[in-house]
Amino acid sequence: MRKLFIYDVETTGLNHAIHGIHQLSFLIVIDNVIKHEANLLIKPNPNIVIEDEALAVGNVTREMLQSYKPASENYRLLLQELSKYVDKYNKKDKFHLVGYNNSSFDNQFLRAFFAQNNDKYFGSWFWSDTIDVMCLASNHLSDVRHTMENFKLATVAKQFDIQLEESKLHDATYDLYLTKEIYDIINLGK
């Protein structure tokens, strides 16, 4: 049984040690069937550093952050959904983390989100290896990579002839679906 946690985060900065997640969007996909979709808007913990430049990327303001549910409440919602599909006490039952550039960015922020909520059992839910769609796309597009201006999500999506709404980029839910579409093209031939 293939259990995927396809996700994207928007953060208050680039350093997972001091910044935090303010938006976590995810799909739980079991054997190619979407079982659950969520978009968590997270009010960062008070000790999280918030960079205005990072918020501007997603058109988010500090005032908006203050209106979001607290991190601890969103964390409980996340665990509630994870536990419906994975037995965290079974070492052979875990999700594959799937994202775009998640191996070097999103995974560290998600792991830090667990730590910020005093949970050191991140590995009880997720396999330690990750499925990074950027790496999958790199292999798939290796013959044309030299013609591409960069390898950002939007550029790669365009290379796969995926129609974009530029104004929606850097919203975790929108980016999540772009990532899933690229993943499906590469792995399922869709």
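The values are calculated or read from the model by the stated rules, or taken from the named source; none is laboratory data. Just so you know, these numbers come straight off a predicted model, no measurement behind them. Cβ atoms come from the backbone with ideal geometry, glycine included; neighbour counts cover every protein chain shown. For the accessible areas, the whole protein counts, side chains as well, though only heavy atoms, and no ligand, DNA or RNA atoms are used. Shrake-Rupley method; radii C 1.70, N 1.55, O 1.52, S 1.80 Å.
Computed values, structure above
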item: Assigned charges on the beta-carbon of Lys, Arg, Asp, Glu; region 57-148 dipole about Cα centre (debye); result: 260 debye
item: Pairs of lysine residues in region 1-153 - Cα separation under 12 Å, sequence separation of 8 or more or cross-chain; result: 7
item: TYR85 accessible area, assembled protein chains, probe 1.4 Å, Å²; result: 60 Å²
item: Span from the region 138-178 Cα centroid across to the region 106-132 one, whole angstrom; result: 25 Å
item: Given charges at Cβ of Lys, Arg, Asp, Glu: region 1-110 dipole, positive-most of LEU82, ASN101, GLN23; result: LEU82
item: Within the chain, longest stretch free of exposed GluC sites (Glu not before Pro) [DSSP loop, at most 16 other beta carbons within 10 Å]; result: 52-148
item: Region 142-190 shape via C-alpha gyration tensor axes, a/c threshold 1.5; result: oblate
item: Net charge of neighbours whose Cβ lies under 12 Å from the Cβ of LYS94, counting Lys and Arg as +1 and Asp and Glu as -1; result: +2
item: The chain, dipole about Cα centre (Lys/Arg Cβ +1, Asp/Glu Cβ -1), debye to the nearest 20; result: 780 debye
item: Neighbour-limited loop hits for trypsin sites (Lys or Arg not before Pro), region 70-116 (at most 13 other Cβ within 10 Å; DSSP other than H, G, I, E, B); result: LYS91, LYS92
item: Semi-axis lengths, Å, the chain, gyration tensor of Cα atoms, sqrt of 5 times eigenvalues; result: 26, 22, 14
item: Candidates LYS158, LYS69, LYS180, ranked by Gaussian network fluctuation over the chain, Cα under 10 Å, top entry; result: LYS158
item: Qualifying trypsin sites (Lys or Arg not before Pro) in region 117-155, DSSP loop, other Cβ atoms within 10 Å at most 11; result: LYS120
